[in-house]
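The values are calculated or read from the model by the stated rules, or taken from the named source; none is laboratory data. Worth saying up front: this structure is predicted, and the values here are computed from it rather than measured. Note that we place each Cβ from the backbone using ideal geometry, even for glycine, and neighbour counts take in every protein chain shown.
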Amino acid sequence: MTNQILLAGFGGQGILFMGKLLAYFGLYEDKEVSWLPSYGPEMRGGTCNCSVCIGDEPIGSPLVDEPDILIVMNTPSYDKFIGSVVKGGIALIDSSLIEEKCDRDDIKCFYVPATTLANEQGMKGMANMILLGKLLKEADITSPETVKKAMEKVIPPKRANLIEANLKAIELGMSL
Amino acid sequence: MAEKKLMKGNEALAEAALRAGCKCFFGYPITPQTEISAYLSKRMPKVGGTFLQAESEVAAINMVYGCAGSGIRCMTSSSSPGISLKTEGISYIAGSDLPCVIINVQRGGPGLGGIQPSQADYWQVTHALGHGDFHALVFAPASVQEMVDTVTKAFDMADEFRMPAVILADGLLGQMMEPVAFDDAEIKMSDASNKPWAASGHKNARKHNIINSLYLQPDQLEDKVTARFKRYEKIKAERSEAVSDYCEDADIVVVAYGSTARLAKSAVESARKEGLKVGIIRPVTLWPFPVKQIQAAAENAKKLLVVEMSMGQMVDDVKLAINCSKPVEFYGRTGGVIPKPAEILAKIREMGGKD
C-alpha cells in the first residue's frame with residue numbers, strides 16, 4: 001500500500017512545508033518515502049504543488065498524478081486536480097478560499113475553512129497545518145509523537161519558536 | 001551510517017562531493033541544478049574548500065581544467081544547455097588526461113528547451129561530449145541515495161583512469177527528496193599526493209610536469225590517443241555496471257536508466273502481477289555501456305523494450321549490445337514530460353500480446 005498524496009495551492013501557503021512534514025512522518029514510521037515539488041517559474045502567489053509518496057515498497061514514480069489524498073488551497077488547483085483523485089480517495093478543501101463544492105460521490109470531501117480559522121485564531125499562515133491536522137484525523141497516517149518529532153526536524157533551530165504554534169494549528173485541525 | 005534524513009537529490013549530491021574530498025567547485029546557476037551551487041556556496045567555505053561562481057559555464061569548466069591539473073579534486077555542475085557550453089573544456093580535460101567530476105541534471109532540449117526532467121543528452125554524454133577521440137565515464141544513478149554513493153565512485157574512477165567522469169541525473173532526481181544517509185567519516189579535502197603527474201609545485205625538487213592537450217606532430221598525438229584508448233578497453237572490459245530484476249524467465253526485457261528505470265520498474269512489477277513475463281535491466285554506467293550484462297539479461301527474451309525520457313537515444317546501443325539478434329522496441333516521452341508507469345505498462349501489454 002502506497003499513499004499517493006498531492007498538495008496544491010499558491011506559493012507562500014506552505015504547500016512544500018506540509019509535504020516535507022508528511023514525508024518525515026513516513027520516514028519516522030520506517031516507510032519508503034519521496035517528495036517532489038513542482039518547480040519552474042513558480043513564485044510567491046503563483047501556483048505550487050507537491051507530490052508525496054509514503055509506502056511499504058520502494059517508490060517507483062515520485063510524481064503523483066492520481067492521488068488518493070488531495071489537499072487543495074486554491075481554486076485553480078481544485079479545478080485542476082479534483083477530478084484526478086482515485087475512487088475511494090479523500091480530498092481536503094480549504095473552503096475559505098474555494099467556493100466550489102464537489103459533485104463526485106466516489107470520493108470523500110472535507111471542507112475546512114482553514115484560512116479563515118487560522119486568521120481568527122491568531123494562526124495566520126498556518127491554514128496548511130489546520131488542513132494537515134484534519135487529514136491526520138481522517139486518515140491513518142501517523143501518531144502524535146511522530147508529528148512532534150517531524151516538526152522539530154523540519155523547523156530549523158533558529159525558528160524553534162514556531163514549533164509549538166504549528167503543533168497547535170495541527171491540534172485545531174484534528175479537533176474539527 | 002548516520003541517521004537518515006530527507007534531502008533533495010541536488011543537495012545530497014553536493015554534500016557527497018564534499019565527503020569525497022572535492023575541494024573546489026566552479027559553477028554557474030541553471031535550473032534544475034542550482035541547489036548544488038547554492039548548497040556548496042554555504043558549506044564549502046566551512047570545511048576548507050573553495051566555492052566559486054564563475055562568470056559563465058565556459059569559465060567554470062576551464063577553472064576545473066586548471067584545478068584538476070593541480071591534482072585537487074574538483075567538480076562543476078550544470079544542466080543540458082550549460083553542459084553544451086562546457087564541452088570544449090571537457091575535451092581539453094580529456095585531452096590532458098585529467099580527472100574531474102561533471103554533473104548534468106538534465107532538462108528538456110534542444111536549445112534552451114524547457115526546465116522539466118529529460119534524458120535527451122544521452123547521445124551527447126556517451127558519444128560526443130566534445131571534439132576529438134575521447135570518452136568520459138558516465139554514471140546514471142536512479143535514487144537520491146545512489147546519487148550520494150555514485151559521487152565517491154566517480155571521483156575515485158576519474159583519478160584511477162585520469163579522465164573526466166560525468167554523473168548524469170535529471171530534474172526529477174535533482175529536485176526530489178528521499179531519505180539519505182552519509183557515513184560518519186570526517187570530511188577530508190583532497191590534495192595532490194598520489195598524483196605524480198600533477199602540476200602542484202615542486203620547488204625544483206623534481207622535473208616539472210606539463211599539462212597540455214596540444215600535440216602538433218601527428219604521430220605523437222596518435223600515440224597519445226592510442227594509449228588513452230587502451231585504457232578505455234580495460235575500463236570497458238572490467239568496469240561496466242548494471243542491475244537486473246526478473247530477467248531469468250522474461251519474454252520481454254525492459255532497458256531503462258536513471259529515473260526512468262524507477263518508472264519502468266513499477267510498470268514491470270504491475271505486468272508481473274498480471275502474469276506477463278517481463279524483466280528489467282538498468283544500466284548504471286552508460287559509458288562503459290553494460291554490453292555483457294544486457295546480453296545475459298536478454299538471453300531468454302523474445303523482445304526488448306527501451307524506455308527513455310527522449311526520442312530513443314539509447315536504442316541503438318541496446319541493439320548493438322545484442323548484435324540486433326532480437327527486436328528492440330521503444331517507448332518514451334520527451335520535452336520534459338515524465339512517462340507514467342501506466343503508459344509503460346500499456347506498451348508492455350501491447351508487446352506481450354495482451355491489451
Would you mind stating whether B:Glu146 is out of contact with any Leu (no Cβ under 8 Å at 6 or more places or on another chain) and either assigned by TED's automatic domain parsing to the domain that holds B:Met314 or at pLDDT 95 or above (or both)? yes
Could you tell me whether B:Leu305 is part of a helix (DSSP H, G or I), crowded, with 18+ Cβ neighbours inside 10 Å and touching a strand residue (DSSP E or B) at 6+ places or on another chain (Cβ under 9 Å)? no
Scan of region B:259-276 for residues that are more than 14 Å from chain A (Cβ to nearest Cβ) and in contact (Cβ under 8 Å) with a residue 40 or more places away in the chain, ordered by number: B:Glu274, B:Leu276
Scan region B:18-48 residue by residue and report those that are away from chain A (no Cβ under 14 Å), in a helix (DSSP H, G or I) and among the small types (Gly, Ala, Ser). B:Ser37, B:Ser41
Quick test of your reading of the structure: A:Leu6 fulfils all but one of (1) outside any strand (DSSP E or B); (2) within 24 Å of B:Thr31 (Cα to Cα); (3) within 15 Å of the chain's Cα centre (by Cα); (4) not small (Gly, Ala, Ser). Name the failing condition by number. (1)
Qualifying positions in region B:240-294 - farther than 17 Å from B:Ile344 by Cβ and among the β-branched types (Val, Ile, Thr): B:Val243, B:Val284, B:Thr285, B:Val291, B:Ile294
Scan region A:20-29 and tell me whether some residue there is within 11 Å of another protein chain (Cβ to nearest Cβ) and either at positive phi or in a strand (DSSP E or B) (or both). no
Counting just the residues of region B:312-337 that are over 19 Å from the mean Cα position of the chain (by Cα) and either hydrophobic (A, V, I, L, M, F, W, C) or not assigned by TED's automatic domain parsing to the domain that holds B:Glu274 (or both), which one comes out farthest from B:Leu172 (Cα to Cα)? B:Cys324
Residue selected from region B:176-198 under the condition among the aliphatic types (A, V, I, L, M) and at pLDDT below 95, by the criterion farthest from A:Ile59 (Cα to Cα): B:Ala192
Can you tell me which condition A:Ser51 does not meet? The list is (1) closer than 17 Å to A:Ile90 by Cα; (2) small (Gly, Ala, Ser); (3) more than 10 Å from every other protein chain (Cβ to nearest Cβ), and all the others hold. (3)
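Kindly provide the set of residues from region B:172-186 that are over 18 Å from the mean Cα position of the chain (by Cα) and facing another protein chain (nearest Cβ under 7 Å), ordered by number.
Listed by number, the residues that qualify are B:Met177, B:Glu178, B:Pro179.
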From the residues in region B:123-135 that are surrounded by fewer than 24 Cβ atoms within 10 Å (Cβ to Cβ) and not in a helix (DSSP H, G or I), which one is farthest from the other protein chains (Cβ to nearest Cβ)? B:Asp133
Could you list, in sequence order, the residues of region A:134-176 that are free of Cβ contacts under 8 Å to residues at least 24 places away in the same chain, assigned to a helix (DSSP H, G or I) and over 24 Å from A:Lys31 (Cβ atoms)? A:Pro157, A:Lys158, A:Arg159, A:Asn161, A:Leu162, A:Glu164
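Taking A:Gly12 as the residue in question, decide whether it is within 14 Å of the chain's Cα centre (by Cα) and more than 10 Å from every other protein chain (Cβ to nearest Cβ).
Yes.
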A:Gly40 fails exactly one of (1) at positive phi; (2) at pLDDT below 95; (3) away from chain B (no Cβ under 14 Å), namely (3)
I'd like to know if region B:91-102 contains one or more residues that are farther than 20 Å from B:Ser213 by Cα and either modelled with pLDDT of 95 or more or assigned to a strand (DSSP E or B) (or both). no
Just give me the residues in region A:57-84 being farther than 21 Å from B:Glu3 by Cβ and within 13 Å of chain B (Cβ to nearest Cβ), in sequence order. A:Glu57, A:Gly60, A:Ser61, A:Pro62, A:Leu63, A:Val64, A:Asp65, A:Glu66, A:Ser84
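A quick yes/no check of all residues on (1) in a loop (DSSP other than H, G, I, E, B); (2) at pLDDT 95 or above; (3) buried (at least 19 other Cβ atoms within 10 Å of the Cβ); (4) of a type in the set (A, V, I, L, M):
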{"position": "A:Ile71", "(1), (2), (3), (4)": "no, yes, yes, yes"}
{"position": "A:Ile82", "(1), (2), (3), (4)": "no, yes, yes, yes"}
{"position": "A:Tyr111", "(1), (2), (3), (4)": "no, yes, no, no"}
{"position": "A:Ala118", "(1), (2), (3), (4)": "no, yes, yes, yes"}
{"position": "A:Asn128", "(1), (2), (3), (4)": "no, yes, yes, no"}
{"position": "A:Leu132", "(1), (2), (3), (4)": "no, yes, yes, yes"}
Within region B:71-89, can you find the residues that are assigned to a helix (DSSP H, G or I) and charged (D, E, K, R)? B:Lys86, B:Glu88
Quick one: what pairs do we get from region B:173-197, first residue in the same structural domain as B:Cys24 (by TED's automatic domain parsing), second aromatic (Phe, Trp, Tyr) and in a loop (DSSP other than H, G, I, E, B), C-beta under 7 Å, 6+ apart or different chains? B:Gln175/A:Tyr39
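One line per residue, one yes/no per condition, for (1) over 17 Å from B:Val144 (Cα atoms); (2) touching a residue at least 12 places away in the same chain (Cβ under 8 Å):
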| position | (1), (2) |
| --- | --- |
| A:Ile5 | yes, yes |
| A:Glu32 | no, yes |
| A:Gly40 | yes, no |
| A:Pro62 | no, yes |
The residue from B:Ala60, B:Ala120, B:Ala68 that alone is in a loop (DSSP other than H, G, I, E, B), at pLDDT 95 or above and either under 14 Å from the mean Cα position of the chain (by Cα) or surrounded by 20 or more Cβ atoms within 10 Å (Cβ to Cβ) (or both) is B:Ala120
Within region B:251-272, how many residues are crowded, with 24+ Cβ neighbours inside 10 Å and either on the phi > 0 side of the Ramachandran plot or of a type in the set (S, T, N, Q) (or both)? 3
